[in-house]
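Scroll down for the structure; my scribbles are underneath it.
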Amino acid sequence: MDATLLILLSIGVTILFVYGVPIFLVIGFWVIGASLIIDFTLANIAVTLFEGLNFFGLLALPLFILTGDLINGAGIAKRLSDFAYSVLGWIRGGLAMASLGACGMFAAISGSNSATTAAIGSIMHPEMVRNGYDENFAAATIAAGGTVGIIIPPSIIFIVYGFLLNLSISDLFIGGLLPGLLMVVAMQLACMVVSYLNGWGILIAFDPIRIFKTAVGAWMGFAAIGLVIWGIYSGIFSPTEAAGITTGFCLIAGVLSHFLYRIFYRGLDPHVERQRPANADALPMIRQILVPGFSLRELPALIQRSGQITGLLAPLIAVSVVMQQILTLLGADAFVNGLIGSLGGYYAILFACMALVLAAGTVLESLPNTIILAPILAPIAMSIGVDPIHFAVIFLVGDAIGFITPPYGLNLYVASGITGIPYFRLLKYTMPYLFSLLVVWIIIALVPKLSTMLLVNQGAGVYQ
């Protein structure tokens, strides 16, 4: 093996990555080049690409992506935001805190950081600016809120992690629930303090009736969240089955609601008595229950969008499995194990793993970061007695924090794109959220029960 050629290849693909070449092509070029350098048969690449995706658990991936798109297409993101504001609007900074809460609720449907930031941000950023918040802080808030997208179940990245480490995806989902909620609460506290110091936000009265009405309006979102969490936690169905059932529910409910929505909103003029049906007084509540939904004509576009996202993720997963094989042959896992293992002591090794995850998260998106580092660091953590589910949560919370850390910070780019605010202007306003998330991350690492206390069977199992 020519180590010099391997180093030059790695430098070359790093330059391609810096210049914006898609990560799938970057890893693909490295895999093919490294295979030729170490005389690793290219036939293995084709076999591994197929076997890398030939896994039942990965079927949940496109289904949860589609569920998020169906919910977003049905107009539920706005209803969830309205509910969160009705609950928190009476507190200083309540609208911004509601945005963070809405991110948490939407994350429990979409499973994606960037999707959460885009969906909630496009709705809540203009509202926050109109309510007296600094536009930079408002954009930073939705970027930070999106970080919980891969922690609160269902999570796309938890599915990938479970696939790579042969862990129960159900246990991973349940393990991420409390840490995800803790992240939301910590960011809300930071938001409240910053808003109070700056006098941002217009307060509204606490109104239980308004809370009830907005909760009723967001019924479809709550139903989807409940189906996933109840079904998986009770053991009635696996994550893949939960994804299929939830997708089916959202599909039927979205189309039916759109049909009824058009009936009740069509041609009603309160000033023309003959147009008013006998149950006109009941219409406000009926309209509150109905969501815009989506028509059968809109459905192909929603499915196509989900297919495009899946088409980006699936090949990356497959080619990264090949990359893992080559890294193992090169002794990368043994090198990192020896380097970190030499530190000695439980906490020294654990925090070294966390530092490596955070450093990688500043320059890599969560998926390649997970695929490259998780199979290397997870065995090290287990060797010192860290519960595999606990370490998975630690790893992915660190991964999530990387979404608002420069120079990569994908959520900051998404927030910048939907608000028009320059990326670097947002960095200053993310600092309170970044600090709160780092504190939560350390607490999660030091208190394993936060990740394992809800598990029916303590410890990790294989996917079911």
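Which one of the conditions (1) surrounded by 24 or more Cβ atoms within 10 Å (Cβ to Cβ); (2) within 17 Å of SER195 (Cβ to Cβ) does ARG92 fail to meet, given that it meets all the rest? Unmet for ARG92, out of (1) surrounded by 24 or more Cβ atoms within 10 Å (Cβ to Cβ); (2) within 17 Å of SER195 (Cβ to Cβ): (1).
With the condition kept exactly as written, say whether any residue in region 55-78 is farther than 21 Å from GLU365 by Cα, in contact (Cβ under 8 Å) with a residue 12 or more places away in the chain, among the small types (Gly, Ala, Ser) and touching an Asp or Glu at 6+ places or on another chain (Cβ under 7 Å). Looking for residues that are farther than 21 Å from GLU365 by Cα, in contact (Cβ under 8 Å) with a residue 12 or more places away in the chain, among the small types (Gly, Ala, Ser) and touching an Asp or Glu at 6+ places or on another chain (Cβ under 7 Å), one finds at least one in region 55-78, hence yes. Only one of the numbered conditions (1) surrounded by 14 or more Cβ atoms within 10 Å (Cβ to Cβ); (2) under 24 Å from TRP30 (Cα atoms) is violated by GLY311, and that is (1). Only one of the numbered conditions (1) touching a residue at least 40 places away in the same chain (Cβ under 8 Å); (2) over 30 Å from ILE376 (Cα atoms) is violated by VAL129, and that is (1).
Do the conditions hold for VAL193, that is, is it closer than 22 Å to MET128 by Cα and either in contact with a Pro (Cβ under 9 Å, 6 or more places away or on another chain) or aliphatic (A, V, I, L, M) (or both)?
Numbers: closer than 22 Å to MET128 by Cα: yes; either in contact with a Pro (Cβ under 9 Å, 6 or more places away or on another chain) or aliphatic (A, V, I, L, M) (or both): yes.
Answer is yes for this residue.
LEU63 - would you say it is in a helix (DSSP H, G or I), in contact with a Leu (Cβ under 9 Å, 6 or more places away or on another chain), more than 17 Å from THR147 (Cβ to Cβ) and not basic (Lys, Arg)? The answer is no for LEU63. How do the pairs read when you match residues in region 235-262 that are farther than 18 Å from LEU172 by Cβ with residues anywhere that are in a helix (DSSP H, G or I) and among the basic types (Lys, Arg), using Cβ under 9 Å and keeping only pairs 6 or more apart or on different chains? From residues that are farther than 18 Å from LEU172 by Cβ, the pairs are TYR261/ARG287.
Picking from residues in region 210-239 that are hydroxyl-bearing (Ser, Thr, Tyr) and touching a helix residue (DSSP H, G or I) at 6+ places or on another chain (Cβ under 7 Å), the one that is surrounded by the fewest Cβ atoms within 10 Å (Cβ to Cβ) is TYR233.
Taking the condition over 23 Å from the mean Cα position of the chain (by Cα), charged (D, E, K, R), at pLDDT 80 or above and over 30 Å from ALA314 (Cα atoms), does ARG92 pass? When the stated conditions are applied, ARG92 passes them.
Take ILE263 and tell me if it is on the phi < 0 side of the Ramachandran plot, in a helix (DSSP H, G or I), at pLDDT below 85 and among the aliphatic types (A, V, I, L, M). Yes; evaluated as a whole, the condition is true for this residue. Of the residues making up region 314-334, not one is within 15 Å of TRP30 (Cα to Cα) and assigned to a loop (DSSP other than H, G, I, E, B). Would a scan of region 207-230 turn up a residue that is in a helix (DSSP H, G or I), modelled with pLDDT of 90 or more, out of contact with any Pro (no Cβ under 9 Å at 6 or more places or on another chain) and of a type in the set (D, E, K, R)? No, because not a single residue in region 207-230 is in a helix (DSSP H, G or I), modelled with pLDDT of 90 or more, out of contact with any Pro (no Cβ under 9 Å at 6 or more places or on another chain) and of a type in the set (D, E, K, R).
State which residue is farthest from the chain's Cα centre (by Cα) when the search covers only region 314-353 and only residues that are surrounded by fewer than 16 Cβ atoms within 10 Å (Cβ to Cβ) and polar (S, T, N, Q). Ranking the qualifying residues of region 314-353, first place goes to SER342. Of all residue pairs spaced 6 or more apart or on separate chains, none has beta-carbon atoms under 6 Å together with a first member in region 179-190 that is without any contact (Cβ under 8 Å) to a residue 40 or more places away in the chain and within 16 Å of ALA108 (Cβ to Cβ) and a second member that is among the small types (Gly, Ala, Ser) and assigned to a helix (DSSP H, G or I).
Condition first: more than 18 Å from SER155 (Cβ to Cβ) and touching a residue at least 24 places away in the same chain (Cβ under 8 Å). Now tell me which residues in region 346-374 satisfy that. If the condition is that a residue be more than 18 Å from SER155 (Cβ to Cβ) and touching a residue at least 24 places away in the same chain (Cβ under 8 Å), then TYR346, ILE349, LEU350, PHE351, CYS353, MET354, LEU358, ALA360, THR362, VAL363, ILE372 are the ones that fit.
Going through region 200-209 one residue at a time, which ones are loosely packed, with under 15 Cβ neighbours inside 10 Å and touching a residue at least 40 places away in the same chain (Cβ under 8 Å)?
Looking only at region 200-209, we keep the residues that are loosely packed, with under 15 Cβ neighbours inside 10 Å, and these are 202-203, 205-209.
Scanning region 200-209 gives ILE202, LEU203, ALA205, PHE206, ASP207.
Return yes or no: is GLY409 out of contact with any Cys (no Cβ under 7 Å at 6 or more places or on another chain), on the phi > 0 side of the Ramachandran plot and touching a residue at least 40 places away in the same chain (Cβ under 8 Å)? Spelling it out, GLY409 is indeed out of contact with any Cys (no Cβ under 7 Å at 6 or more places or on another chain), on the phi > 0 side of the Ramachandran plot and touching a residue at least 40 places away in the same chain (Cβ under 8 Å).
The values are calculated or read from the model by the stated rules, or taken from the named source; none is laboratory data. In this text the structure is predicted, and so the values were computed from the model without any measurement. Cβ coordinates were reconstructed from backbone atoms using ideal geometry, including for glycine residues, and neighbour counts include every protein chain displayed.
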